[in-house]
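Read the structure below first, then the notes.
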There are 2 protein chains.
Amino acid sequence: MSLIVTGTIGIDTVHTPHGSAERVLGGSCAYFAAAASHYAPTRLVGVVGDDWPEAHRKTLESFSGIDLGGLEVRSGSLTFRWGGRYFDNMNDRETLFTELGVLEEHPPEVPEHFADSRYVFLANTHPAVQLGLLEQFPDRALAVADTMDLWINIAHDDLLQLLSAVDGLVINDSEASQLTEERNAITAARRILEMGPTFVVVKKGEHGCVLVHRDGTAVGVLPAFPVEASGVVDPTGAGDSFAGGMMGHLAGSDRTDVGAIHEALAWGTVTASCTIGSFGLEGLRTVARADLDERMSAFQSAAVVGPRPAAAN
Amino acid sequence: MSLIVTGTIGIDTVHTPHGSAERVLGGSCAYFAAAASHYAPTRLVGVVGDDWPEAHRKTLESFSGIDLGGLEVRSGSLTFRWGGRYFDNMNDRETLFTELGVLEEHPPEVPEHFADSRYVFLANTHPAVQLGLLEQFPDRALAVADTMDLWINIAHDDLLQLLSAVDGLVINDSEASQLTEERNAITAARRILEMGPTFVVVKKGEHGCVLVHRDGTAVGVLPAFPVEASGVVDPTGAGDSFAGGMMGHLAGSDRTDVGAIHEALAWGTVTASCTIGSFGLEGLRTVARADLDERMSAFQSAAVVGPRPAAAN
């Protein structure tokens with residue numbers, strides 16, 4: 001079923017304790033689309049400037065599941081650029097520079113033939129922009145958004161309006177705490193439910209994720225895919241890849257029920273684990289669907305809870 | 001199969017943002033034994049002073065699965081006392097006072113009829129004392145130890161000797177990092193394997209746990225049992241309760257293989273979730289085995305990973 005993502009496409013420069021990558025393809029929309037395209041055809045809506053490297057287009061084109069029909073190259077504008085540095089623990093980072101460029105102008109157009117999209121992901125950008133894009137998909141079956149600390153701080157009212165319009169929110173644990181003033185991830189997620197969405201996924205990075213859904217009182221909890229220190233090369237885009245794997249699974253199976261969302265968390269998890277092993281989109285580019293299936297089996301074995309069926313012993 | 005635990009029995013005073021408890025029964029050995037006794041008969045070896053409240057003995061006696069044959073009340077000595085205060089996040093705490101008392105004297109005697117114990121847990125105390133106790137169980141099938149930051153700092157050599165003698169170590173994530181100078185929990189656990197044990201369990205509190213075992217390269221990862229903010233009354237003893245549920249399951253099923261240890265993690269997890277809902281041993285005292293089984297089912301539903309068998313949908 002048709003999946004669409006809107007958000008940022010950027011040129012990233014990343015420094016980690018293990019190395020650096022300069023001017024690689026990045027942005028929430030790029031990571032999401034690359035991840036989701038392994039599970040379902042993914043329409044991309046985003047805008048770059050005419051400084052955008054041809055190599056980055058080639059990279060996106062190498063994902064056969066991505067439809068670039070909504071990618072606008074705006075003449076005379078500059079592509080969004082972001083630079084960041086990860087600290088030794090690889091979990092915290094500082095932003096070295098942000099050049100908004102084209103993101104400060106009007107948002108990209110949604111092509112008319114994308115208006116029938118059923119599964120919509122509003123990757124991180126200004127919530128007013130997210131809301132404006134959302135309204136262009138009247139046939140949507142499921143709309144999910146991401147956000148970040150910046151918008152919680154400077155666009156709180158717009159964010160609350162967005163939350164009352166989407167079905168789901170995917171958010172980092174620190175940002176969920178910031179939005180609700182509640183540290184416990186499950187309780188924070190429940191508070192966000194009161195703001196509108198039907199479900200909330202709290203991403204805890206190396207500690208996994210939590211799902212809270214209005215449908216019943218049950219909570220979903222998953223560990224992260226087990227990755228050793230040597231397997232964490234660049235965490236940039238892990239959260240967007242998680243969302244991509246999750247939404248890709250939902251669109252691919254055309255389901256929006258709580259069981260499907262719970263199941264989709266695991267696909268998000270294994271997909272994100274591919275992203276962090278390389279700089280940029282390299283990990284998502286070189287992985288095949290069969291590798292993801294294999295990784296899912298390994299994850300299921302590692303994360304089995306308690307008594308197993310006799311046959312599995 | 002016979003399970004024995006040695007460690008501290010204390011009188012705890014705990015302050016949390018939600019309330020206080022003064023002079024309640026505590027100590028690593030008490031929490032472990034109370035937790036483990038739900039799964040297997042548990043022998044306790046510990047020492048208190050003659051200031052030990054009669055009510056505390058009655059509390060321990062109320063656990064029908066605990067054999068108090070190794071509980072020494074030492075005349076003229078003072079019971080170990082600990083006071084702590086939890087911060088708003090309920091994950092960090094400060095120690096307000098520690099009165100070692102009888103812990104500074106010679107360790108308790110192991111009764112002769114306990115010498116045939118097969119499953120041995122050396123709850124947190126000085127590693128030299130742990131090692132001395134361990135040697136009194138020549139028939140052991142499985143010996144597992146816990147430790148803490150204090151011993152990593154001041155008794156490092158004794159700790160290394162202990163690690164070369166036990167089969168398993170159960171350790172907090174911050175302490176695993178301290179011991180190995182490696183932040184990644186899985187990689188830290190692998191470094192500890194090089195120090196001697198066959199397996200290492202890293203406890204991450206609200207973020208679950210990690211298992212690394214020499215037998216194969218597989219890693220085990222579990223989330224914590226989902227508990228809302230209102231369900232966290234007092235985290236004291238959660239780690240010892242986790243170890244108690246884990247070792248209780250292993251002793252109860254008389255298995256030491258990697259599959260059994262993986263399965264035991266979930267029993268440790270559900271058992272610890274009972275401890276944090278009340279002050280002291282109250283949560284472990286009022287829970288029945290049937291409640292633990294029910295909690296396990298809820299945990300399995302919450303933590304299911306990815307595609308489920310068709311029947312479960």
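Quick rundown of the values:
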{"quantity": "Filter result (out of contact with any Pro (no Cβ under 6 Å at 6 or more places or on another chain), within 11 Å of chain A (Cβ to nearest Cβ) and touching a residue at least 24 places away in the same chain (Cβ under 8 Å)) within region B:152-188", "calculated": "B:173, B:185"}
{"quantity": "Candidate set: region B:164-204, residues that are in a strand (DSSP E or B) and not aliphatic (A, V, I, L, M); chosen: the one surrounded by the most Cβ atoms within 10 Å (Cβ to Cβ)", "calculated": "B:203"}
{"quantity": "Qualifying residue in region B:129-146 (condition: out of contact with any strand residue (DSSP E or B) (no Cβ under 9 Å at 6 or more places or on another chain), surrounded by fewer than 18 Cβ atoms within 10 Å (Cβ to Cβ), without any contact (Cβ under 8 Å) to a residue 60 or more places away in the chain and under 19 Å from residue B:201 (Cβ atoms))", "calculated": "no"}
{"quantity": "Flag for residue A:210 being in a strand (DSSP E or B), within 20 Å of the chain's Cα centre (by Cα) and within 9 Å of chain B (Cβ to nearest Cβ)", "calculated": "yes"}
{"quantity": "Residue match in region A:49-71 (condition: within 24 Å of residue A:149 (Cα to Cα) and not in a helix (DSSP H, G or I))", "calculated": "no"}
{"quantity": "Verdict on residue A:22 being acidic (Asp, Glu) and either closer than 21 Å to residue A:233 by Cβ or in contact with a Pro (Cβ under 9 Å, 6 or more places away or on another chain) (or both)", "calculated": "yes"}
{"quantity": "Single residue of A:240, A:291, A:215 found to be part of a loop (DSSP other than H, G, I, E, B) and of a type in the set (Asp, Glu)", "calculated": "A:215"}
{"quantity": "In region B:147-174, the residues that are within 22 Å of residue B:248 (Cα to Cα) and out of contact with any strand residue (DSSP E or B) (no Cβ under 7 Å at 6 or more places or on another chain)", "calculated": "B:148, B:165"}
{"quantity": "Residue pairs meeting the criteria (Cβ under 9 Å; at least 6 apart or on separate chains; first within 12 Å of residue B:12 (Cβ to Cβ), in region B:91-105; second of a type in the set (Ser, Thr, Tyr) and surrounded by 13 or more Cβ atoms within 10 Å (Cβ to Cβ))", "calculated": "B:93/B:16; B:93/B:86; B:93/B:236; B:96/B:13; B:97/B:13; B:99/B:79"}
{"quantity": "Qualifying residue in region B:246-259 (condition: within 12 Å of chain A (Cβ to nearest Cβ), crowded, with 22+ Cβ neighbours inside 10 Å and at pLDDT 95 or above)", "calculated": "yes"}
{"quantity": "Options B:114, B:121; residue that is touching a residue at least 12 places away in the same chain (Cβ under 8 Å), touching a Lys or Arg at 6+ places or on another chain (Cβ under 6 Å), buried (at least 19 other Cβ atoms within 10 Å of the Cβ) and under 17 Å from residue B:45 (Cα atoms)", "calculated": "B:114"}
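Condition check ((1) at pLDDT below 95; (2) within 17 Å of residue B:228 (Cα to Cα)) across all residues:
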site	(1), (2)
A:154	yes, no
A:159	no, no
A:164	no, no
A:171	no, no
A:180	no, yes
A:187	no, yes
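One line per residue, one yes/no per condition, for (1) more than 8 Å from chain A (Cβ to nearest Cβ); (2) in contact (Cβ under 8 Å) with a residue 24 or more places away in the chain; (3) in a helix (DSSP H, G or I):
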position: B:267; (1), (2), (3): no, yes, yes
position: B:274; (1), (2), (3): yes, yes, yes
position: B:279; (1), (2), (3): yes, yes, no
position: B:296; (1), (2), (3): no, yes, yes
position: B:299; (1), (2), (3): no, yes, yes
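The values are calculated or read from the model by the stated rules, or taken from the named source; none is laboratory data. Computed from a predicted model, the values in this text were never measured in an experiment. Cβ: placed from backbone, ideal geometry, glycine included. Neighbour counts: every protein chain shown.
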